[in-house]
Amino acid sequence: MVSWDNLRIVLAVRRNGSVAAAARALSVNYSTINRRLAAYEASLGVALFEKSPTGQVCTPYGVRICDVAERMEEELAAAERAVIGKDANLEGDIRITMPGSFFHTFLAPEIAAFAEAYPSIRLNLGFTSELRDLSKREADVAFRFSNNPPESLVGVRVVNSAKSIYASAQYLADHPDSCDRHWIGWKDRSRHPSWIQESSEREAQIKHHAFNDLAQLHMAAHGMGMTMLSCFIGDPDPRVIRVPPAKALRGRDLWILTHEDLRGTARVRALMTFMRDRLKKKASLFRGELAA
């Protein structure tokens, strides 16, 4: 009999490129994944993967197994969505994904308010800025900042999240000339990317990098340079101020998204409606109007 656990392991190795990466993705011990994969290959009498300079690559047998496994995964996910979509009860689990910085700086009290209002709903939170595949039920609801959300998802656009340039008051006092200032960048390979060219601080270059906007905020607060932040992150923090002329620039739209099959689920609908209404009341913060 085919074991779905074995198929999940094969898919994870293929998608992540190695046994170690698959173990991390599945939150399973490396030795367990390695042992299960070896036992499955032995039961089939063929190798499903071969090593390459870039990691584990599917053999033709592995490709065939993965194709079947992906179809099974899609059918299982569709069946689960269909069952959950008919659920009219305000109880059960909801898996939510969102950027970690959004939760820590803003959404935590709103999530707590929802949990208090709906005590029979259990929330499972995940934190990522990537658009998880809701069709595979990695999450039921996603909060995302995007101007082009996937067409396969449905949801509501809440508000545009403006951005501005922030630094500590002391940093600006110590560096009155723009040419003497430095940026805290993101994942930029260039020291003078297009977003700097389009800003009011075009003469400054990137000196430091941080791959997280909360890290950028803390670095700026401690006088390490200027950074571009969403206004809902920068404006409430008294340690930083907007760099003159302190304009709020248009950013990405905040969306609450789900899969079409889940939009009729009572608890999913309740969450999306509750959060939309709460977030719209704070629209001025997202648009950067509070510091204008």
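Per-structure values
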| read-out | value |
| --- | --- |
| Residue within segment 195-217 that is farther than 19 Å from Ser164 by Cβ, of a type in the set (A, V, I, L, M, F, W, C) and out of contact with any His (no Cβ under 9 Å at 6 or more places or on another chain) present | yes |
| Members of segment 209-243 that are modelled with pLDDT under 95, touching a strand residue (DSSP E or B) at 6+ places or on another chain (Cβ under 9 Å) and not in a helix (DSSP H, G or I) | His209, Ala210 |
| Residue list for segment 140-180, filter: part of a loop (DSSP other than H, G, I, E, B) and closer than 21 Å to Pro238 by Cβ | Ser168, His175 |
| Single condition Ile111 does not satisfy, out of (1) farther than 20 Å from Leu262 by Cβ; (2) modelled with pLDDT of 95 or more; (3) of a type outside the set (Gly, Ala, Ser) | (1) |
| Residue identified as among the hydrophobic types (A, V, I, L, M, F, W, C), buried (at least 19 other Cβ atoms within 10 Å of the Cβ), in the same structural domain as Ser101 (by TED's automatic domain parsing) and under 26 Å from Asn148 (Cβ atoms) among Leu249, Leu257 | Leu257 |
| Any pair with Cβ under 7 angstrom, 6 or more apart, that starts in segment 169-191 at a residue that is without any contact (Cβ under 8 Å) to a residue 24 or more places away in the chain and within 24 Å of Phe211 (Cα to Cα) and ends at one that is of a type in the set (A, V, I, L, M, F, W, C) and crowded, with 17+ Cβ neighbours inside 10 Å | Asp188/Ile206; Arg191/Ile206 |
| Selection within segment 196-208 - within 19 Å of Ile241 (Cα to Cα) and part of a loop (DSSP other than H, G, I, E, B) | Ser199, Ser200, Glu201, Arg202, Ala204 |
| Segment 51-73: number of residues that are of a type in the set (A, V, I, L, M) and over 28 Å from the mean Cα position of the chain (by Cα) | 3 |
| Qualifying residue in segment 153-170 (condition: under 30 Å from Arg269 (Cα atoms), buried (at least 18 other Cβ atoms within 10 Å of the Cβ), in contact with a Cys (Cβ under 9 Å, 6 or more places away or on another chain) and not polar (S, T, N, Q)) | yes |
| Selected residue [loosely packed, with under 15 Cβ neighbours inside 10 Å and among the hydrophobic types (A, V, I, L, M, F, W, C)] from Phe232, Phe211, Phe143 | Phe211 |
| Members of segment 244-265 found to be among the acidic types (Asp, Glu) and either assigned to a strand (DSSP E or B) or touching a Ser or Thr at 6+ places or on another chain (Cβ under 7 Å) (or both), listed by number | Asp253 |
| Selection status of Leu123, crowded, with 18+ Cβ neighbours inside 10 Å and either in the same structural domain as Gly264 (by TED's automatic domain parsing) or within 27 Å of Val240 (Cβ to Cβ) (or both) | no |
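Listed here are the residues, each with its yes/no results for (1) in contact (Cβ under 8 Å) with a residue 12 or more places away in the chain; (2) over 28 Å from Thr128 (Cα atoms); (3) not basic (Lys, Arg).
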position: Asn6; (1), (2), (3): yes, no, yes
position: Val13; (1), (2), (3): yes, no, yes
position: Ala20; (1), (2), (3): no, no, yes
position: Arg24; (1), (2), (3): no, no, no
position: Ala47; (1), (2), (3): yes, yes, yes
position: Glu50; (1), (2), (3): no, yes, yes
position: Pro53; (1), (2), (3): no, yes, yes
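The values are calculated or read from the model by the stated rules, or taken from the named source; none is laboratory data. Every value quoted in this text rests on a predicted model; they were computed, and no experiment measured them. FYI the Cβ positions are ideal-geometry reconstructions off the backbone, even for glycines, and counts take in every protein chain you see.
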